[in-house]
1. Tell me, what ³J(HN,Hα) does each residue in the range 183-188 have, in order and in whole Hz, if you take phi through Karplus 6.51 cos²θ - 1.76 cosθ + 1.60 with θ = phi - 60° and put x for Gly and Pro?
2. Once each part is reduced to its C-alpha centroid, what is the distance from the range 13-48 to the range 62-105 in angstrom?
3. Pairs Lys92/Lys244; Lys92/Lys260; Lys74/Lys254; Lys57/Lys189: which exceed 28 Å Cα-Cα?
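Derivation of every value follows stated rules applied to the coordinates shown; laboratory data play no part. Only a predicted model underlies this, so the values are computations on that prediction, with no experimental measurement involved.
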Amino acid sequence: MAGEQQTAPPDPWILRFIDYLQRIRASRYTIRNYQHALQEFYDWLGSTAQGSLSWDKLERQHFRNYLWSRPIQKLSRSAVQLRFSAFRSFYKFLVRQGGAMASPIRGIQLPRPGKRLVKTLTEAEARTLLSTPTQDPANDAKKPGGLICLRDRAILHTLYAAGLRVSELCGLNASDINFHEGMLLVRGKGSKERRIPIAQIALDVINNYWAQLPQRPEGNQPVFLVGTDLASRLSPREIQRRLKRYLAQAGIEKEITPHKLRHSYATHLLAGGMDLRSLQESLGHVRLATTQVYLHADVARLRKSYDKAHPRP
């Protein structure tokens, strides 16, 4: 169709970079997002008069032009930041590999991300959501629907009790749970491991779920199964789908994802008195600044309560 941007053939340097990310075990989300960003720019470049330029011939102005192109102008600031993060990592790789002498990205002023409050559940909403799977009409554990209900209750409790990313939850193995100490071994971004506490109630619901399986998972078998197959691991997409269903059943109209359950966990712990450093370790954040967004959210809630309650004229 006329006017449609065509996808250019795969670029060898992009393919080599993606292979490198896979070898260093970058997260699949990073690999997917970076590959999309680089291919998108490569396609855009091919639609311009500079389409024949190689990576080492590109200059800062090319990326400035891209920043002001129509497709990019439609994106959010965080989406633009993500694309230029991909460019920076890609050019570091090119320089190391001899594919470019220097990075042309330096000095480009990007839109600054606005400080947005994190959307979370209230503590009352969290309690309602966690109890919702037990209210499913098919809550008889001897029926297939009842087993799924027990599993989903265990999933929701684990997400909220440990503040896990959905990929971390899907990757949990039976041996990662220390029931005696009440601790989880979690493999986070970049395969970094951390040990974090988990509430006893979450361990209890996991035990209740496992008790109804023909055989308890052990070793490297998944904690949460598709059906009763000990080799079948749930996908993040399926967990997102199940969460959406329980939010509707609970009458919670907020757009809550598994990651926003993690936000809820963090915000509620901070409000309950956990210090920021401990929260950072529990969430697996490399930088304290990443964790401080929850401090802003808590201050905003405090301000709202103050404005409502203060008896000033």
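1. Per residue, the Karplus-derived 3J(HN,Hα) values read 10, 10, 9, 10, 9, x Hz.
2. 11 Å
3. Numbers: Lys92/Lys244 40 Å; Lys92/Lys260 32 Å; Lys74/Lys254 25 Å; Lys57/Lys189 33 Å.
Where the Cα-Cα span goes over 28 Å, the pairs concerned are Lys92/Lys244; Lys92/Lys260; Lys57/Lys189.
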